[in-house]
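Read the structure below first, then the notes.
The values are calculated or read from the model by the stated rules, or taken from the named source; none is laboratory data. None of these values were measured; they are calculated from a predicted model. Here the Cβ is made from the backbone with ideal geometry for all residues, glycine too, and neighbour counts use every protein chain on show. Heavy atoms of the whole protein, side chains included, go into the accessibility calculation; ligands, DNA and RNA do not. Shrake-Rupley method; radii C 1.70, N 1.55, O 1.52, S 1.80 Å.
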Number of protein chains: 2
Amino acid sequence: MIPTASYAAHTAKAPLAPYHFDRRDPREHDVVIEIEYCGVCHSDLHTVRDEWGKGSYPIVPGHEIVGRVIAVGPGVRKFKPGDLAGVGCMVDSCRECVNCKDDLEQFCMKGAVFTYASRDRHDGSATQGGYSSHIVVDQDFVLHMPENLDLAAAAPLLCAGITTYSPLKHWKVGKGSKVGVVGLGGLGHMALKLAHAFGAQVVQFTTSESKRADALRLGAHDVVLSNDEEQMKQHAGSFDFILDTVSASHDLDVYLRMLKRDGTMALVGVPEKPTPLAAGALIFGRRSLAGSLIGGIAETQEMLDFCGKHGIVSDIEKIRIQDINEAYERMLKSDVKYRFVIDMASLKAAAA
Amino acid sequence: MIPTASYAAHTAKAPLAPYHFDRRDPREHDVVIEIEYCGVCHSDLHTVRDEWGKGSYPIVPGHEIVGRVIAVGPGVRKFKPGDLAGVGCMVDSCRECVNCKDDLEQFCMKGAVFTYASRDRHDGSATQGGYSSHIVVDQDFVLHMPENLDLAAAAPLLCAGITTYSPLKHWKVGKGSKVGVVGLGGLGHMALKLAHAFGAQVVQFTTSESKRADALRLGAHDVVLSNDEEQMKQHAGSFDFILDTVSASHDLDVYLRMLKRDGTMALVGVPEKPTPLAAGALIFGRRSLAGSLIGGIAETQEMLDFCGKHGIVSDIEKIRIQDINEAYERMLKSDVKYRFVIDMASLKAAAA
């Protein structure tokens, strides 16, 4: 067994606190990773506070994991000790259903095994995430990290990166498309960088003029204040695709009306409450409102390779694991540009 | 000028009553049609009661119009006196915008001219619909009716037919697809017939067991009670496409969850109030909720030709124009199988 240091939520109400547990010894196809950095995603907070009702405590969150391979099982061919490695939101799936066969394991019909707060398919144990010193994952769910990227800043690609890359690709954003991004946070800022790299004309929608400079720096060609009717009118009916990264409940119709005929707006955030939708914005323009969920493993690797080639990483603020509870409070206030990433060396320092 | 007998709404609150007015003499490209039958659509009722706020009274409703050409303008090549002719929801558009060029005049960026309660592009006069003895329409917006179909039963194809045909075609329903139809009224019953003719596996969703026999007769291969959780569970995640024909506000999520990964549900009815939508049903399955609006003129002709070839018409109840107000009351109670069609001979009889 592999002694593992971590920070865990022990109840829905308690702050995260140190927690020691054992990771399994590597099975035939497992890769053992010593974690160097782990990004902090809103899902971590939702899960540890039991807002999604998945809680079986203790929970070690974290699914933007990067580090180095330190051991492999006897059947592993894809990784060797010393390799850089990444782990995102999933660590297993059935591999047999139509969605798994289509490289869309996130929609596994038997249920993908998520990186934390899920159950291992073999022994039923709780999966535990990346706010930890080590993780053991089947090689098919481990990603190769590009060597040229800053490793800490690349960690958020494993969730924020693929969550925005996948819909932009699926709805064929590229040269000649006009793309809108709603929300400028961890997901939104990645969407700007990626859509820009795909060659699209990129517009940031925001309610806050103060975000203009940053949006332009991150890849937007234009910024539209969505609470300014005149500005919105000028862009009405002109977008091929809009990626809506806001998870708070908000008016969808105003953005749907920005789409061209046959345009699509994709949601990647799940608001707590159902959002009122007026069918007219869809009907008068044959528009679509869609949803998208992270991306499959093959596409995640494609995204990482793309980011390596184009030098794309997240804008991050590095923190010590000891500061995670404060980071959560700041994240709730959107006080982060644009992703916290935990330097796991702080965990070792504390243990030493 | 062409003296025209009709029934019109003179105010939002008054019942329809006889109204005499003049249609214009045919312009260069106009076709003059003596109307034989006109279908009764829910939109007629919404419009005359000013529920859509378009009212400039008097309003002669009706946009499922069939009859015979009695005269043509000097530039008309597509029709000659004696031809059968149909007119649907539109009588003109700008013909120059990208949507018109794409044969999707219903999305004309300058605004399609609708058959009634709209404004003529040339003289600004109010357009008046098919509850009338004659209509004068530019040849490009007049359809050829198949000679083999019962003309009265073919009238509803001009709105109910194309409204369901267009989304079924756009989302590629055919052999090998599993298609759901929500609602069994004027639109729903056409959706069953068309989807069946396209070779799809067709399932009717209904809350009423009493509709089973009719749904099966009209083309459904199976009927699912949407308020029976067990039945719904059996079909969850199995549909390629769902056409939702219900215009009353209703729960969309339960139907979205019936879609396969990447499936689409299209709405063709506009509920009065926004409908609450939970993003989860879209995100967990990369599903889409779309809207569709009638169809372009070229596609309407394609639909009529298809219906001619396959002997598809609407199930109708023929009424006299004098009974239109009673028909409206019955339509509000869904007491019609499945479309009222006015026999315009009754108008002449009254005038005689």
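Considering only DSSP beta bridges where both residues belong to chain A, give the percentage that are antiparallel (nearest 5). Display every interim value, and only then the final one.
On the way: 32 of 59 bridges.
So the antiparallel bridges in chain A amount to around 55 percent.
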Heavy-atom surface of the protein assembly as shown, accessible at 1.4 Å and reported per residue (Å²): 39
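Can you bin the range A:43-89 into rounded, prolate or oblate? Criterion: square roots of the alpha carbon gyration tensor eigenvalues sorted a ≥ b ≥ c, rounded for a/c under 1.5, prolate for a/b above b/c, oblate for the rest. It would help to have the intermediate numbers written out before the result.
Working: a/c = 3.68, a/b = 2.67, b/c = 1.38.
Prolate.
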So, in nm and shortest first, the distances from A:GLU272 to its counterparts in the other copies, with label points 7 Å along Cα→Cβ, work out as 3.1
May I ask you to find the residues of the range A:244-278 that are shielded by at least 40 Å² of accessible area once the whole protein assembly is considered instead of their isolated chain (probe 1.4 Å)? A:ARG261, A:VAL270, A:PRO274, A:LEU277
So what's the convex hull volume per residue for the Cα atoms of the range B:74-224, in Å³? 156
What's the magnitude of the charge dipole for the range B:211-352 around its Cα centre, counting Lys and Arg as +1 and Asp and Glu as -1 at the beta-carbon? Answer in Debye, nearest 20. 100
As a test, work out the antiparallel percent of DSSP beta bridges whose residues both lie in the protein assembly as shown, rounded to the nearest 5. 55
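As a test of the definition: which semi-axes, in Å, follow for the protein assembly as shown when you take the square root of five times each eigenvalue of its alpha carbon gyration tensor? Largest first, please. The partial results should precede the final answer.
Values: eigenvalues 669, 131, 84 Å².
Result for the protein assembly as shown: semi-axes of 58, 26, 21 Å.
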Rounded, prolate or oblate: which fits the range A:303-352 when a ≥ b ≥ c are the square roots of the eigenvalues of the alpha-carbon gyration tensor, with rounded for a/c under 1.5 and prolate only if a/b beats b/c? oblate
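From largest accessible area down, sort B:ASP253, A:ASP262; use a 1.4 Å probe on the protein chains.
Reading off the accessible areas and sorting them downward yields A:ASP262, B:ASP253.
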Residue among A:ILE242, A:GLY285, A:VAL223 farthest towards the positive dipole end of the range A:194-288, charges placed on Cβ: A:GLY285
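Would you mind checking the pairs B:LYS178/B:LYS260; B:LYS318/B:LYS348; A:LYS178/B:LYS169 and listing those with alpha carbons more than 19 angstrom apart? Please report the intermediate quantities before stating the final value.
Details: B:LYS178/B:LYS260 10 Å; B:LYS318/B:LYS348 16 Å; A:LYS178/B:LYS169 26 Å.
Over 19 Å Cα-Cα: A:LYS178/B:LYS169.
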B:ASP92 long-range amide H proximity, modeled H, under 5 Å: B:VAL113
Shortest first, in nm, what separates the label point of A:PRO81 from those of the same position in the other copies (7 Å along Cα→Cβ)? 9.9
Starting from one equal scatterer on each C-alpha and no solvent at all, send me the Debye-based log10 I(q)/I(0) for the range A:161-291 at q = 0.09, 0.10, 0.13, 0.14 Å⁻¹, two decimals. -0.21, -0.26, -0.45, -0.53
Just to confirm the numbers: B:GLN234, label point 7 angstrom along the Cα-Cβ line, distances to the other copies in nm, shortest first? 5.7
Return the residues of the range A:105-153 for which accessible area with all protein chains present is lower than in the chain on its own by 40 Å² or more; set the probe to 1.4 Å and exclude ligands, DNA and RNA. A:PHE107
Could you give each residue of the range A:250-261 its phi-based ³J(HN,Hα) in whole Hz, using Karplus coefficients 6.51, -1.76, 1.60 with θ = phi - 60°, and x for Gly or Pro? 7, 5, 8, 4, 4, 7, 4, 6, 7, 6, 5, 3
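How would A:SER93, A:SER247 line up by accessible area, probe 1.4 Å, largest first?
On the way: A:SER93 0, A:SER247 50 Å².
Ranking A:SER93, A:SER247 by accessible area, largest first, yields A:SER247, A:SER93.
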Between Rg and the Kirkwood Rh of chain A, both from Cα atoms, what is the Rg to Rh ratio? 0.97
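Where does each of B:PHE241, A:PHE306 land when they are ordered by accessible area, with a 1.4 Å probe and the largest first?
Working: B:PHE241 5, A:PHE306 40 Å².
From most exposed to least exposed: A:PHE306, B:PHE241.
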Radius of gyration and Dmax for the range A:1-87's Cα atoms, expressed in Å? 14.5, 43
Which is the longest part of chain B that has none of the trypsin sites (Lys or Arg not before Pro) sitting in a DSSP loop with at most 10 other Cβ atoms within 10 Å? B:176-332
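Measure off, as a whole percent, the carbon and sulfur share of the 1.4 Å-probe accessible area of the protein assembly as shown, all protein chains present.
Working: 13970 of 27520 Å².
So the carbon and sulfur contribution to the accessible surface is 51 percent.
With a cap of 12 neighbouring Cβ atoms within 10 Å, and only residues DSSP puts in a loop, list the GluC sites (Glu not before Pro) found in the range A:1-49. Don't skip to the answer; put the middle values down first.
Working: sites: A:GLU28, A:GLU34, A:GLU36; in loops: A:GLU28.
Passing both the DSSP loop test and the Cβ count: A:GLU28.
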Show me the chymotrypsin sites (Phe, Trp or Tyr not before Pro) within the range A:1-108 that DSSP assigns to loop and that have at most 14 other Cβ atoms within 10 Å of their Cβ. A:TRP52
As a test question: what accessible area, to the nearest 10 Å², does B:ASP50 have when a 1.4 Å probe is rolled over all protein chains in place? 60
Let me know the whole percent of all Cα-Cα pairs from the range B:247-320 that are separated by more than 18 Å. 59
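Report the accessible surface area buried between chains B and A, summing both sides, using a 1.4 Å probe on protein heavy atoms only, in Å² rounded to the nearest 100. Write down the numbers at each step before the final one.
On the way: alone 15150 and 15160 Å², together 27520 Å².
In total, chains B and A hide about 2800 Å² from solvent.
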Per-residue ellipticity at 222 nm attributable to helices in the protein assembly as shown (runs of n ≥ 4 DSSP H, -39500 (n - 2.57) apiece, nearest 500 deg cm²/dmol) works out to -6500 deg cm²/dmol
